[in-house]
Amino acid sequence: MFQTSTNLTGHVPFAAFATAKDIFGADTDAVAAATKGKLASWSEAIAERLNGGVSPSALEKRFRVQHDVIFHKQASMVEFEFFSLGNITGIVFSPTLPFSWGSVHLDATGKTDSPAIDPNFLSIDFDMQTALKVGRIARKMWSTKPLSELAGGLLVPGDAVLPENATDAE
């Protein structure tokens, strides 16, 4: 989120979508190959987390289709949503085709008022790397005209917490 130089009113009437090529650029083919090589191990890990609820072979089949959609059909894999609230503006982004899977389970008695929720968000390294790349893209958007003319100081997470040249570990 950024402090803006002016008070913005109304709503933002658009979102933007990015493909693997938009996100990974010249590295897309290498990322696709590395990702394809991990589908079986991701399937095993997620099947284990789901306690047999979905078989590793079913997950791998789904992941192979998903991989094809992301890297060969060039489906959007991230949505950027812009927002403004008075003199605060920003971008949030959401993965549209994550490989990470969570689960929701009822307890042993079947009570529905306290399910066990495991979002498992960003548990697959590809999803984490995608989030890091997309975060950098979003930040770059705000340093490029015409958005840079609106954006003042970075509020969240703030340069003191996460500088623009931060490493992946930070």
Worksheet item: Across the range 32-85, what is the total count of residues that are in a loop (DSSP other than H, G, I, E, B) and over 30 Å from P13 (Cβ atoms)?
Response: 9
Discussion item. Just to be sure I understand, how many residues within the range 85-118 are charged (D, E, K, R) and open to solvent by 70 Å² or more (accessible area, probe 1.4 Å)?
Written reply: 2
Worksheet item: Which ones in the range 2-45 are touching a strand residue (DSSP E or B) at 6+ places or on another chain (Cβ under 9 Å), within 26 Å of I124 (Cα to Cα) and of a type outside the set (S, T, N, Q)?
Response: A15, A16, F17, A18, D22, I23
Fill in: Residue list for the range 59-110, restricted to those being under 20 Å from K21 (Cα atoms) and of a type in the set (F, W, Y)
F63, F71, F80, F93, F99
Worksheet item: hydroxyl-bearing (S, T, Y), touching a residue at least 12 places away in the same chain (Cβ under 8 Å), surrounded by 12 or more Cβ atoms within 10 Å (Cβ to Cβ) and touching a helix residue (DSSP H, G or I) at 6+ places or on another chain (Cβ under 6 Å) - does that describe any residue in the range 73-81?
Response: no
Discussion item. Among (1) open to solvent by less than 40 Å² (accessible area, probe 1.4 Å); (2) among the aliphatic types (A, V, I, L, M); (3) modelled with pLDDT under 75, there is one condition V156 misses while meeting the rest; what is its number?
Written reply: (1)
Worksheet item: Within the range 1-31, how many residues turn out to be within 19 Å of the chain's Cα centre (by Cα) and not in a helix (DSSP H, G or I)?
Response: 7
Item to complete: Select from the range 86-128 the residues that are acidic (D, E) and in a loop (DSSP other than H, G, I, E, B) and write down the one among them that is modelled with the highest pLDDT.
Response: D113
Item to complete: Could you list, in sequence order, all residues of the range 59-83 that are within 13 Å of the chain's Cα centre (by Cα) and of a type in the set (A, V, I, L, M, F, W, C)?
Response: M77, V78, F80
Worksheet item: Pairs under 7 Å by beta carbon, first residue of a type in the set (D, E, K, R) in the range 51-67, partner in a helix (DSSP H, G or I), six or more apart or different chains?
Response: E60/L39; E60/A40; E60/S43; R64/L39
Worksheet item: Residues in the range 1-49 that are touching a His at 6+ places or on another chain (Cβ under 7 Å) and open to solvent by less than 70 Å² (accessible area, probe 1.4 Å): how many?
Response: 2
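The values are calculated or read from the model by the stated rules, or taken from the named source; none is laboratory data. Source: prediction; values computed, not measured. Cβ atoms come from the backbone with ideal geometry, glycine included; neighbour counts cover every protein chain shown. Surface accessibility is based on the protein's heavy atoms, side chains included, excluding ligands, DNA and RNA. Shrake-Rupley method; radii C 1.70, N 1.55, O 1.52, S 1.80 Å.
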